[in-house]
């Protein structure tokens, strides 16, 4: 590797971030803003108003031409043929033959034969090499890395659509209507089309991701912030992006996918509902990479709790652990805890090893005045995602476990269904014990 | 290092604790620089009153959203008081690091150990090198 390659890369907004006083750190090979004010303020601002994120460190690949669909149907776990018309997108995984993830990705059908595949920044190079290899089976396929030409912004939170449409109106174009999650469209801004999708990584129901041409990105960024000033829209760094996705219970490669805390690759089906959104077996004739292994994982996950199939013992399970959501409690177990648990901390049930934390910290949330939708004050709570023994059931409102931080007494916690609920155009925290809306 | 508050009357460690000396009683907290680098402090774990602490050894941990750091004692001695407000309000270490955000008080066995601490001007120079 040359010295040049070791230097972190920069997005087109790098200079803007630095002048805004952002705390900058390396992430996925890029020098990225972690926060501008504080992670807490940016998390709360996104939930109450909207946040604007530079996520141009993600990889963006175009897949085009008549071979695009056959190629995508082979390479990815979700079925590209189910994006039956342009204007839709879905969550999908790049699996290996063992049913483990090389990366989790989003596929956008932008035009009839034009697909945009967005991959994690940290996996960009490896994904590209893997796709190039698979592409050899599809002569004539157009596969292009367009990460340099297109930037990527996320505008997430209750005010997101109003603010984008205020920018669109200034440009004299008609407002964009993306009324359903995963819808994809284009807006015309100053004579150029910008791809916009109703997707995101924060759990916000009003969530947009934009793919402007790199040359127009700084201008668009500033115009969104300007148009959003009255609605308190603020720039948000990757620190709050991580706490927001954790609160929404969404997986992050390197934590809930990739190598697991047991040293083995995490089987995709361990993601449960997220996996069923990403893996599609409907067409029995579709031979996608990892299909057989994933089908075997699914049988085991569906049968968990029943006796293991004949000839298998616990040590031979394909999916010995599942990714679960965790709410840490105060030591008196009567309110949310504020002692953070982190990746690698051990989970215990009746003092027996039961798994590991894969992501965790303390996140803020809004508490609402009784009977209203107005955020009144903010509180903090420790939450996590964990890789938990598959035989443990998650009962309502939560299954008691404890977390050993390696010092002090283990902390009480609950395995829970969710830490965040969508209510209309915004989200509300679910607090434990008791699973009350904040 | 503009905008970082470094009170003249305090002493400092290279690991960014501040130290106030009243005879053998030593009050310890984290500096304005430390709190701004950490970001939102979410949890602090400190020893109980009566426990022994050792110079330049960890006496507790401080946790921010993304990081965990050890707190290092500037002197060997015994904990005489811990700031109990930090349990429910760790944000005091961000809002008022030299006041309400103090962490522990210890009785130093050998106050002579404290002579090696940095004064405000030396600490300012240390930050200037960053």
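Before we move on, is residue A:210 under 24 Å from residue A:424 (Cα atoms) and touching a strand residue (DSSP E or B) at 6+ places or on another chain (Cβ under 9 Å)? It is true that residue A:210 is under 24 Å from residue A:424 (Cα atoms) and touching a strand residue (DSSP E or B) at 6+ places or on another chain (Cβ under 9 Å). Candidates A:45, A:21, A:29: the one that is more than 18 Å from the chain's Cα centre (by Cα) and within 11 Å of chain B (Cβ to nearest Cβ) is A:21. Scanning segment A:11-25 for residues that are surrounded by fewer than 17 Cβ atoms within 10 Å (Cβ to Cβ) and farther than 18 Å from residue B:64 by Cα yields A:15, A:18, A:19, A:20, A:21.
Rundown of residues vs (1) more than 18 Å from residue A:38 (Cα to Cα); (2) assigned to a strand (DSSP E or B); (3) within 11 Å of another protein chain (Cβ to nearest Cβ), yes/no style:
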| residue | (1), (2), (3) |
| --- | --- |
| A:344 | yes, no, no |
| A:347 | yes, yes, no |
| A:364 | no, yes, yes |
| A:377 | no, yes, no |
| A:380 | no, yes, yes |
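Residues that are under 19 Å from residue A:49 (Cβ atoms) and in contact with a helix residue (DSSP H, G or I) (Cβ under 6 Å, 6 or more places away or on another chain) occur at least once in segment A:204-222. Among the residues of segment B:88-97, are any at pLDDT below 95, within 14 Å of another protein chain (Cβ to nearest Cβ) and part of a helix (DSSP H, G or I)? The answer is yes, given that some residue of segment B:88-97 is at pLDDT below 95, within 14 Å of another protein chain (Cβ to nearest Cβ) and part of a helix (DSSP H, G or I).
Residue A:375 passes every criterion in (1) modelled with pLDDT under 95; (2) more than 23 Å from residue A:46 (Cα to Cα); (3) under 26 Å from the mean Cα position of the chain (by Cα) apart from (2). Among the residues of segment A:48-61, none qualifies, meaning not one is within 14 Å of another protein chain (Cβ to nearest Cβ), in a loop (DSSP other than H, G, I, E, B) and either at pLDDT 95 or above or surrounded by fewer than 18 Cβ atoms within 10 Å (Cβ to Cβ) (or both). Evaluation of residue A:238 against the conditions (1) crowded, with 20+ Cβ neighbours inside 10 Å; (2) away from chain B (no Cβ under 14 Å) shows that the sole unmet condition is (2). Considering the conditions (1) crowded, with 22+ Cβ neighbours inside 10 Å; (2) in contact (Cβ under 8 Å) with a residue 40 or more places away in the chain, residue A:80 is excluded by exactly one of them, (2). Scanning segment B:2-54 for residues that are within 14 Å of another protein chain (Cβ to nearest Cβ), outside any strand (DSSP E or B) and over 12 Å from the mean Cα position of the chain (by Cα) yields B:2, B:3, B:4, B:36, B:37, B:38, B:39, B:40, B:47, B:48, B:51. In this structure, is residue A:407 in a loop (DSSP other than H, G, I, E, B), modelled with pLDDT under 95 and within 14 Å of chain B (Cβ to nearest Cβ)? Taking the combined requirement at face value, the residue satisfies it. In segment A:68-83, is there at least one residue being closer than 25 Å to residue A:177 by Cα, in contact with a helix residue (DSSP H, G or I) (Cβ under 7 Å, 6 or more places away or on another chain) and either at pLDDT 95 or above or in the same structural domain as residue A:291 (by TED's automatic domain parsing) (or both)? Checking segment A:68-83: at least one residue is closer than 25 Å to residue A:177 by Cα, in contact with a helix residue (DSSP H, G or I) (Cβ under 7 Å, 6 or more places away or on another chain) and either at pLDDT 95 or above or in the same structural domain as residue A:291 (by TED's automatic domain parsing) (or both). Of (1) assigned to a loop (DSSP other than H, G, I, E, B); (2) outside the structural domain of residue A:267 (by TED's automatic domain parsing); (3) surrounded by fewer than 19 Cβ atoms within 10 Å (Cβ to Cβ), residue A:31 satisfies all except one. Which? So the condition that residue A:31 fails would be (1).
Per the listing A:177, A:196, the residue uniquely modelled with pLDDT under 95 and farther than 20 Å from residue A:22 by Cβ is A:177. Answer yes or no: is there a residue in segment A:64-77 that is without any contact (Cβ under 8 Å) to a residue 12 or more places away in the chain, more than 20 Å from the chain's Cα centre (by Cα) and part of a helix (DSSP H, G or I). No, there is no match, as no residue in segment A:64-77 is without any contact (Cβ under 8 Å) to a residue 12 or more places away in the chain, more than 20 Å from the chain's Cα centre (by Cα) and part of a helix (DSSP H, G or I). Of all residues in segment B:61-87, how many are within 13 Å of chain A (Cβ to nearest Cβ), closer than 11 Å to residue B:46 by Cα and more than 12 Å from the chain's Cα centre (by Cα)? Selection size over segment B:61-87: 2.
The values are calculated or read from the model by the stated rules, or taken from the named source; none is laboratory data. Remember, it's a predicted structure, so these values are computed and weren't measured experimentally. Here Cβ is always computed from backbone atoms with ideal geometry, including for glycine, and neighbour counts include all displayed protein chains.
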